[in-house]
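Written below as structure tokens is the structure these notes are about.
What follows draws every value from the coordinates through simple rules; no lab data is involved. The structure presented is a predicted model; accordingly, all values stated were derived computationally and were not measured. Positions of Cβ are generated from backbone atoms using ideal geometry, with glycine treated the same way; all protein chains shown enter the neighbour counts.
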Ligand code: EPZ
């Protein structure tokens, strides 16, 4: 299992490029199921979850090309024949976002068998709201041997009000509704940019969608969708992670190829902490100017509020901020796995239920730490950038799920970070 070795102390200087958004690419790849035509997606990030999605689509009979050559980062997908519309457990257990194929499969083939995703380290991750919406659209849902089966001759438009705001639930049912018979009205929808990105792709395929990016989405079903070439949004969470890297390391970092509009809550919070940022059209320059970081509280909420996917990264910064920062995690029930590892590096953090209280500034010292989930891993990399000495991060496959070559990108702006293959593993 690969490890990262990070020696702290270098300010990050220069320009770091943001890749395409994993959480846009995953639903957009699933949307290719809705047509027999070829779909081309550009700005695809080279991360493990995308490779998993490729395997998943191929296992169902799709042709998938995935290229990361110099100017590529492109995938071409053609679901001409879906010979086996089953999302198998071996794949689903490694990526719960596999449930995104549920809606498109039922809409395109009338049947879907998807292994129950099961939980992950940050929470149970149920998909009951996906299923409730499909049932309202006329699908028959059964469960056996750890698999869900959804069947429908043709889905019918319905009025769906989500009990809770769910990003992939909104995306799954949006895709299903594009080819349902009649109108679908969805309320209490997720407003994340990834939903808007997916809707833009679907409209490019001939879907009739209004209101994506708001809490109310209207869809008029069509009989058929055609191919499309679509460019994936920049990854707002990777961009936010790099903003924190520039601030925590006391550097002068230009975060390029991003969309600052998707980061308003993060930018505002970092400014409250005393971080200096110059916001451009497609870049943000972050400078610490040697000033002290000030503590500030955060509460994670759905978009456009402060994103749960930035909570762990913000906590690393809070350890270096003067004062007490209160961090409340409202979205997932167990998203403080990074706390114990940060504490082993010297952070002063107390957890009470969904709230973590961070007292700063505490000097961090290097340690051997364990990555537990994607964003917790990012938090540990950020902490290691300022820790005294050499930190070893184990199980970095977690970070490879959602960050493209993060060690190369950080090294390119002065971080002392390298990947260490397992002694007996590949070189
Ligand atoms: C998406 O997960 C993202 N993943 C997550 O990013 C992100 O943290 C999350 O949205 C919240 O923003 C992808 O887009 C692939 P939810 P998702 O459904 O859709 C509950 C990362 O780090 N819920 O919005 O699975 C659920 O338990 C990942 O990139 C139900 O109860 O999250 C949670 O408490 C991690 N029933 C809340 O809703 C359901 O049917 C929000 O979950 C669905 C969700």
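So which residue, out of 268, 149, 46, gets the largest mean-square fluctuation from a GNM of the chain using Cα contacts under 10 Å as springs?
Evaluated over the chain, the most mobile residue of the options is 268.
Once label points are set 7 Å from the Cα along Cα→Cβ at both residue 63 and residue 42, what is their separation, rounded to one decimal in nm?
2.2 nm
So for the chain: antiparallel DSSP bridges make up what percent, rounded to the nearest 5?
Roughly 70 percent of the beta bridges in the chain run antiparallel, per DSSP.
Hey, what angle do you get for helix 236-248 against the long axis of the chain, alpha-carbon based, 0 to 90 degrees rounded to 10?
0 degrees
Based on the Cβ-Cβ distance of residue 297 and residue 149, what FRET efficiency does E = 1/(1 + (r/R0)^6) give at R0 = 35 Å, to the nearest 0.05?
The value I calculate is 0.20.
Give the relative contact order (percent, whole number) for the chain; include only Cα pairs under 8 Å separated by 6+ residues.
Relative contact order of the chain: 21 percent.
At what distance in angstrom do the alpha carbon centres of segment 355-427 and segment 14-50 lie from each other?
Going from one Cα centre to the other spans 25 Å.
Please work out the FRET efficiency for the pair residue 343 and residue 142, using the Cβ-Cβ distance as r and a Förster radius of 45 Å; give the result to the nearest 0.05.
For R0 = 45 Å, the calculated efficiency reads 0.50.
How large is the convex hull of the Cα atoms of segment 287-375 per residue, expressed in Å³ as a whole number?
Hull volume over Cα atoms, normalised by residue count, gives 103 Å³.
Relative contact order for segment 1-88: what percent, with Cα pairs under 8 Å and sequence separation of 6 or more?
Relative contact order, segment 1-88: 29 percent.
Taking a ≥ b ≥ c as the square roots of the eigenvalues of the Cα gyration tensor of segment 62-218, is the shape rounded (a/c under 1.5), prolate (a/b larger than b/c) or oblate?
Here segment 62-218 falls in the rounded category.
Quick check: residue separation of residue 370 and residue 128 times 0.36 nm, minus the Cα distance between them. What number comes out in nm?
84.0 nm
Using every alpha carbon pair in the chain, what percent of pairs falls into each 20 Å bin from 0 up to the bin containing the largest distance?
Going from the shortest bin to the longest, the percentages are 27, 55, 17, 0.
How much length would be gained if the chain were fully extended between residue 416 and residue 187, taking 0.36 nm per residue of separation minus their Cα-Cα distance, in nm to one decimal?
So the extension gain works out to 77.7 nm.
Could you identify which residue out of 159, 338, 145 has the top mean-square fluctuation in a GNM of the chain using Cα springs shorter than 10 Å?
For the chain, modelled as a Gaussian network with Cα springs under 10 Å, the answer is 145.
Only Cα pairs under 8 Å and at least 6 apart count here; give the relative contact order of segment 195-284 as a rounded whole percent.
21 percent
Cut-off is 10 Å between beta-carbons; in what order do 84, 309 appear when sorted fewest neighbours first?
Sorted ascending by nearby Cβ count, the order is 84, 309.
What order do you get for 68, 89, 303 when you list them from fewest to most C-beta neighbours inside 10 Å?
If I rank by nearby Cβ atoms, fewest first, I get 68, 89, 303.
DSSP beta bridges in segment 164-260, what fraction antiparallel, as a percent rounded to 5?
If we restrict to bridges inside segment 164-260, about 90 percent are antiparallel.
Once both labels are modelled 7 Å past Cα along the beta-carbon direction, what's the residue 350-residue 268 spacing in nm?
2.9 nm
Go ahead and set up a Gaussian network model of the chain, Cα springs under 10 Å, then flag whichever of 126, 193, 304 fluctuates most.
Answer for the Gaussian network model of the chain: 126.
Tell me the label-point distance for the pair residue 223, residue 330, using the 7 Å Cα-to-Cβ offset, in nm and rounded to one decimal.
Each label point is offset 7 Å from its Cα along the Cβ direction, giving 4.6 nm.
For the chain, what does the helix formula give at 222 nm: sum of -39500 (n - 2.57) over DSSP H segments with n ≥ 4, over the residue count, nearest 500 deg cm²/dmol?
Calculated mean residue ellipticity at 222 nm is -8500 deg cm²/dmol.
When 332, 242, 306 are ordered from fewest to most other Cβ atoms inside 10 Å of their Cβ, what list results?
332, 306, 242
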